[in-house]
1. Hey, what's the per residue convex hull volume over the C-alpha atoms of the stretch 116-224, in cubic angstrom?
2. Can you tell me the FRET efficiency between LEU184 and ASN43 if r is taken as the Cβ-Cβ distance and R0 is 35 Å, rounded to the nearest 0.05?
3. What number comes out for the charge environment of GLY248, summing +1 per Lys or Arg and -1 per Asp or Glu over other residues with Cβ under 14 Å away?
4. At 7 Å along the Cα-to-beta-carbon direction for both LYS86 and ASP263, put a label point, then send me their distance in nm to one decimal.
5. In the stretch 221-270, carbon and sulfur make up what percent of the accessible area (probe 1.4 Å)?
6. Would you kindly state how much longer the chain becomes between LEU205 and GLN8 on full extension, computed as 0.36 nm times their sequence separation minus their alpha carbon distance, in nm to one decimal?
7. Quick check for me: using +1 on Lys/Arg Cβ and -1 on Asp/Glu Cβ, what's the dipole size of the chain about its Cα centre, in debye to the nearest 20?
8. Quick check: with the 1.4 Å probe, what order do PHE218, PHE306, PHE269 take by accessible area, largest first?
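The values are calculated or read from the model by the stated rules, or taken from the named source; none is laboratory data. For clarity, every value in this text was computed on a predicted model and none was experimentally measured. Please note: Cβ atoms are built from the backbone with ideal geometry, for glycine as well, and neighbour counts cover all protein chains shown. SASA here: full protein model, heavy atoms, side chains in, ligands and nucleic acids out. Shrake-Rupley method; radii C 1.70, N 1.55, O 1.52, S 1.80 Å.
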Amino acid sequence: MSVQKIAQMAGVSVATVSRVLNNSDSVKPANRQKVLAAIEESNYQPNLLARQLRTARSSMILVLVSDISNPFCAEVVKGIEARAEKNGYRILLCNSGADIARSQSSLQLLSGKVVEGIITMNALSRLPELSELIGEAPWVQCAEHDDNGQIACVGIDDEAAARSVVHYLAGRGRQRIALINHDLRYRYARLRQQGYTAQLNEQHLTWQAIAYASELSFSAGRVAMQQLLADAVRPDAVFAVSDTLAAGAMAAIQQAGLRIPQDIAVVGFDGSELADMTSPPLTTLAQPSHAIGRQACELLLQKIAFPDVPPQCVIMQGELVVRASS
């Protein structure tokens, strides 16, 4: 279906159809209604590239994520996409794997005006490199946020969230609480470990053990848990920094012939759908992942519309969802 055929169906000129598509105020209400009816009847989809060439705007947003297989990242992207579509934008998704070379290739879309802004979910340690590549383009850093106020960001209070998990487990009588963490290049991993250690000290619990997973995957969580179980003194509770790692830890515990939560309680982090699928169902510190994505997109759209607005950093709160694993 072309603009010409829409014009024929509506009984108006091609110029009138074009003005309706571009939200011009110079179209008579009756003619606008005819064009909109023809568009709905024919399920017409405008040519976005052609519109970009006419208006010098792409209405596209680039989203860089480090691992789209991570359920948390996937849910954040859904939130970004929902808010973008509500405002007439589309997203281009790049699964960069936190690789700067892959990120650089995607960021060339900025200089070509293919996208109007960018949302990143990369490790905080890579922000100086990203900042140099992105320059003055509208940019929001999501989840892995910066504290210096130079980049707009959205995230949660990771240290406070980790503290609440340890406080909960200690309140349930657990004395040997272990942590399964990820790569300390990530800010969330550092802050969740800080919260874990600080709350143990506050609870006067001297025993601690930390295993580092090679990646945020089920198998890596299982291997990390097996390392903890190999120690002479095993934990009576485990806090994993993602639900995926926690699910792997649960598999290792059960394979060792131990019971959850009677022998070892398990708590994850993220609040993904996976927490409902484990047996027993997983207690988790749920992040408002969809809301984080929506807020990140909202900040970016504000930056696109008003480039001189100072960067904002929005911090949200997580919620401990207690299930049978603890």
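1. Values: hull volume 12.8 nm³, N = 109.
Spread over its residues, the Cα hull of the stretch 116-224 gives 118 Å³ apiece.
2. Numbers: r = 51 Å, r/R0 = 1.45.
About 0.10, to the nearest 0.05.
3. Working: positive: ARG222; negative: GLU215, ASP243, ASP270.
Here the charged neighbours net out to -2.
4. Output for this residue pair reads 4.7 nm.
5. Working: 720 of 1610 Å².
Here carbon and sulfur together make up 45 percent of the probe-accessible area.
6. Roughly 63.2 nm would be gained on extension.
7. Working: 29 positive and 31 negative charges, 189 e Å.
Once rounded to the nearest 20, the dipole reads 900 debye.
8. Values: PHE218 90, PHE306 130, PHE269 0 Å².
These residues rank, largest area first, as PHE306, PHE218, PHE269.
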